[in-house]
1. Considering only residues of the range 33-50 that are within 13 Å of Asn277 (Cβ to Cβ) and surrounded by 13 or more Cβ atoms within 10 Å (Cβ to Cβ), which is nearest to the chain's Cα centre (by Cα)?
2. For Arg58, which of the numbered conditions (1) open to solvent by 30 Å² or more (accessible area, probe 1.4 Å); (2) touching a Phe, Trp or Tyr at 6+ places or on another chain (Cβ under 6 Å); (3) charged (D, E, K, R) fails to hold?
3. Quick one: would you say Gly55 is at pLDDT 95 or above and part of a loop (DSSP other than H, G, I, E, B)?
4. For the range 63-97, enumerate the residues that are within 22 Å of Thr308 (Cβ to Cβ), open to solvent by 10 Å² or more (accessible area, probe 1.4 Å) and not polar (S, T, N, Q).
5. Return yes when Asn100 is more than 29 Å from Pro273 (Cβ to Cβ) and surrounded by fewer than 18 Cβ atoms within 10 Å (Cβ to Cβ) and no when it is not.
6. Quick one: in the range 103-128, which of the residues that are closer than 21 Å to Gly55 by Cβ and assigned to a strand (DSSP E or B) is most open to solvent (accessible area, probe 1.4 Å)?
7. Between a residue in the range 238-249 that is touching a residue at least 24 places away in the same chain (Cβ under 8 Å) and any residue that is in a strand (DSSP E or B) and among the hydroxyl-bearing types (Ser, Thr, Tyr), which pairs come within a Cβ distance under 9 Å, given they are 6 or more apart or on different chains?
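The values are calculated or read from the model by the stated rules, or taken from the named source; none is laboratory data. Quick caveat, the model's predicted, so the values are computed rather than measured. With ideal geometry, Cβ positions are generated from the backbone for all residues, glycine too; neighbour counts draw on all protein chains shown. Protein only, heavy atoms only, side chains kept; ligands, DNA and RNA dropped before computing areas. Shrake-Rupley method; radii C 1.70, N 1.55, O 1.52, S 1.80 Å.
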Amino acid sequence: MTNYTGIQGQNILIVSSDPANPVEGQIWYNSTSNLLKGYALNAAAWSTGGNLNTGRIRLGSAGTQTAGLGFGGSSPPETGLTVTESYNGTSWTSLPANMNQQRDNMATGGTQTAAFGAGGYRQPGSTFGGTENYDGSSWTVSGNLGTARYQLAGAGTQTVGLAFGGGSPITGATEEYNGSSWTAGGTMGTARYRLAGFGTQTAALAAGGGTAPASAATESYNGTSWTTVNSLNTARKSLSGAGVQTLGIVMGGEPSPNTVTELWNGTSWTSNPTGLNVGRANFAACGTQPAALAFGAGPAGNSTEEWTGDALAVRTITTS
């Protein structure tokens, strides 16, 4: 018979407070809280954030999960909005700085204190080509797009921005922004509207969208031309996205406002088993793949969700 009496594992450290710099896989017993804990990977998931003060759809966005900006949009059925709000990672604050022109479905980019909104649709029925810049306190009218359009996508910063796709008519046109004027860039391989976009002016990604049917097409931009890359797993339009060209995330969309979330690693898309808590389309998003923000549309048009990607964290270990 095998003798196991000499075999033992590592002793579990007993401490009065959690280690300041634990390593992955480390386990300890906290004698103060009387809990067995470990440092392990938390699964990615969406959680509920603070509600927008003004519920809306098709709004613009900029910034990060803890320093976000939402602006413009429309209140169903056909009321155009100029309202601007900022997000601090917990709640939204209505700002005194309204956009000069009401619009929805615009191209956007930048940060919470240096954003742009270009093109869009002016209720109750006109395509718009105007651009506005936000400096953290007010909106200023800037140069017009060469091609007025709506339901287009944006990327980049206020001084090095990008706008691409859109309608009407549906186009694959791309324009580059220097903070004051727009110049023509390379044309997309697949003309489409209601697409998601993110990244920078010289390293952008376009995903989904469509004409009549929803599309799964994905293209990358290098500052000169677009290249077709691996498609989304779920074809859709009216979705939103965030991140950079090598590390991105898209979520939601149509048909049927859905919850589907996909992650981009620079080469291919992976469907995440955890989707949005509520199905939504024609909404806004900002941030990064590890920490994204999705807001607007959905129930009441004011709900917000925060995405936390896979990350190491202190976790309580339960035994039974």
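1. First, the residues of the range 33-50 that are within 13 Å of Asn277 (Cβ to Cβ): 45-49.
Add one more test, that the residue is surrounded by 13 or more Cβ atoms within 10 Å (Cβ to Cβ), and what stays is 45-46, 49.
Details: Ala45: 14, Trp46: 12, Gly49: 14 Å.
Looking at the filtered set, the residue picked out is Trp46.
2. (2)
3. Working: at pLDDT 95 or above: yes; part of a loop (DSSP other than H, G, I, E, B): yes.
The answer is yes for Gly55.
4. Hits for the range 63-97 are Gly63, Ala67, Gly89, Trp92.
5. yes
6. Arg122
7. Close Cβ pairs satisfying both conditions: Ser240/Ser61; Ala242/Ser61; Val244/Thr200; Gln245/Thr200; Gln245/Ser220; Gln245/Tyr221; Ile249/Thr261.
Residue-wise test of (1) crowded, with 19+ Cβ neighbours inside 10 Å; (2) polar (S, T, N, Q); (3) assigned to a strand (DSSP E or B).
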site	(1), (2), (3)
Glu262	yes, no, yes
Thr270	no, yes, yes
Gly275	no, no, no
Thr304	yes, yes, yes
